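Chemist: Before I ask anything, let me first share the structure, which is written out below as structure tokens.
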């Protein structure tokens, strides 16, 4: 009997020493698995994965298929921000705070941020209520400011001050309500710095926002460091707040905003992580100017222990054939003479086309290209043929005289093809006289259109 009582007590204690994270998807998601991570700045640490279970729910007499997941967290699970990912592709995830409490929430999987509702978790309920209230109050304040900018003759000062006080009251009430809670640093850091007086011009308004954007954010706070909060704010500041329609001005704004962001960070490991993160973000949008700028001015100046040769090589390799880059050099033999791309000097422009005699689309398109270029004296063609052998290629090149013909054996595994990230034929590059890539046409019609415009 004693053993039975001990067993019951032990299993009961074990059950209550665990925490649960329950999520309900309405409607159900298409994937079968959900993954839980702990977010730490730019990194995600894997925690667990569970199968998404299907269930049936009747809403106003209509049958709905929903998805349910439950994660069990041991008692020693660290407090922090966690991410539940429920699709293999796209931004299909939700972040939430875990601080030693049971968590339950529901959401529409296609609109997670807009639809998530917490039914368990005081920390998350408090933060969600705060975000809703402060957003509504801030929107009211901003609308008054916008009316003033559009109608300078109006005197909205008193209305503005009243709305500003409402924002401050909400902020102060939630600071008080979150005392001793994990969520308080997020509430403090979320607060926007508003001007004490209404701004007359749009320029003054934007200057106030950009100048004070980080005032309430403590880059040394461990709670913020171990979350996605700082990274999200950095993205907002660099990519959405500092924008221009003119490319030259935009690059200047990027450089200025990056300098401001990195000046706020004193902890060297965080700075290194943010630099790498920004490089990846600019690489995603193919901004080679900013990638090079970040490597030269920040990454290469980090302590050697925080640099990564493989990271740099990978990022630069992915951008090697982007616009503005000098085309990678290669060599070939032509009529017994050794040639190279960089030493060609017979034209103002060059068309480099990767093709193959084993590609039916190429065999249809390349003769058309040849006929189109026959009377174009301002551009020379380098035809790089990816082949398994040279049998058909030898015959084909005779039908395309006055082109530079290069044989690339091993087809997709050819060293030059891999250097140029070639995964389909034909692939086109238009180079200037210095072999800088000025265009990457997708189709033959694009090639014709650009060459005709030169």
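Each reported figure results from applying straightforward, stated rules to the coordinates on display, with no laboratory input. None of these values were measured; they are calculated from a predicted model. Methodologically, a virtual Cβ is constructed for each residue, glycine included, from the backbone with ideal geometry; neighbour enumeration extends over all protein chains shown.
Chemist: Going by how many other Cβ atoms sit within 10 Å of their own, how do 228, 201 line up, fewest first? Write down the numbers at each step before the final one.
Modeler: On the way: 228 18, 201 11.
Ordered by Cβ neighbours within 10 Å, fewest first: 201, 228.
Chemist: Another question, if that's okay. Enter the angle in degrees (range 0 to 90, nearest 10) between the Cα long axis of helix 247-263 and the first principal axis of the Cα atoms of the chain, meaning the one along which they spread out most.
Modeler: Its long axis makes an angle of about 50 degrees.
Chemist: Round to the nearest 10 and give me the degree value, 0 to 90, for the angle of helix 360-373's Cα axis relative to the longest principal axis of the chain.
Modeler: Helix 360-373 sits roughly 60 degrees off the main axis of the chain.
Chemist: Starting from the coordinates of the alpha-carbon atoms of the stretch 242-319, obtain the Kirkwood hydrodynamic radius over all distinct pairs and give the value in Å to one decimal.
Modeler: Its Kirkwood hydrodynamic radius stands at 12.9 Å.
Chemist: Could you work out [θ]222 nm for the chain from helices alone, using -39500 (n - 2.57) per DSSP H run of at least four and dividing by all its residues? Round to the nearest 500 deg cm²/dmol. Intermediate values should be presented prior to the final figure.
Modeler: Numbers: 16 runs with 189 residues, N = 454.
Computed mean residue ellipticity for the chain: -13000 deg cm²/dmol.
Chemist: Starting from the coordinates of the alpha-carbon atoms of the chain, obtain the Kirkwood hydrodynamic radius over all distinct pairs and give the value in Å to one decimal.
Modeler: That comes to 27.4 Å for the chain.
Chemist: Follow-up question, since we're still on this one. May I ask for the equivalent-ellipsoid semi-axes of the stretch 121-224, computed as the square root of five times each C-alpha gyration tensor eigenvalue and listed largest first in whole Å?
Modeler: Square roots of five times the eigenvalues give 28, 15, 10 Å.
Chemist: When 1/r is averaged over all different Cα pairs and the result inverted, which Kirkwood radius in Å belongs to the stretch 267-415?
Modeler: 18.3
Chemist: Classify the stretch 331-453: rounded, prolate or oblate, from the alpha-carbon gyration tensor (a ≥ b ≥ c, eigenvalue square roots; a/c under 1.5 rounded; otherwise prolate if a/b is larger than b/c)?
Modeler: Rounded, because the longest to shortest axis ratio a/c is under 1.5.
Chemist: Calculate how large, on average over all directions, the projected area of the Cα convex hull of the stretch 18-119 is; give the answer in nm² to one decimal.
Modeler: Taking a quarter of the hull surface, the average projection is 6.7 nm².
Chemist: Neighbour counts of other C-beta atoms within 10 Å: give me 243, 285 arranged from fewest to most.
Modeler: Least to most surrounded, the residues fall as 285, 243.
Chemist: Can you report the principal axis dimensions of the stretch 207-351 using only the alpha carbons, biggest first, rounded to whole angstrom?
Modeler: 69, 38, 21
Chemist: In addition: For the Cα atoms of the chain, what angle does the longest principal axis make with the long axis of helix 309-318, in degrees from 0 to 90, nearest 10?
Modeler: Computed tilt is about 60 degrees.
Chemist: Based only on other Cβ atoms within 10 Å, what is the fewest-to-most ordering of 233, 325? Could you put the intermediate results ahead of the total?
Modeler: Details: 233 19, 325 15.
Least crowded to most crowded, the residues run 325, 233.
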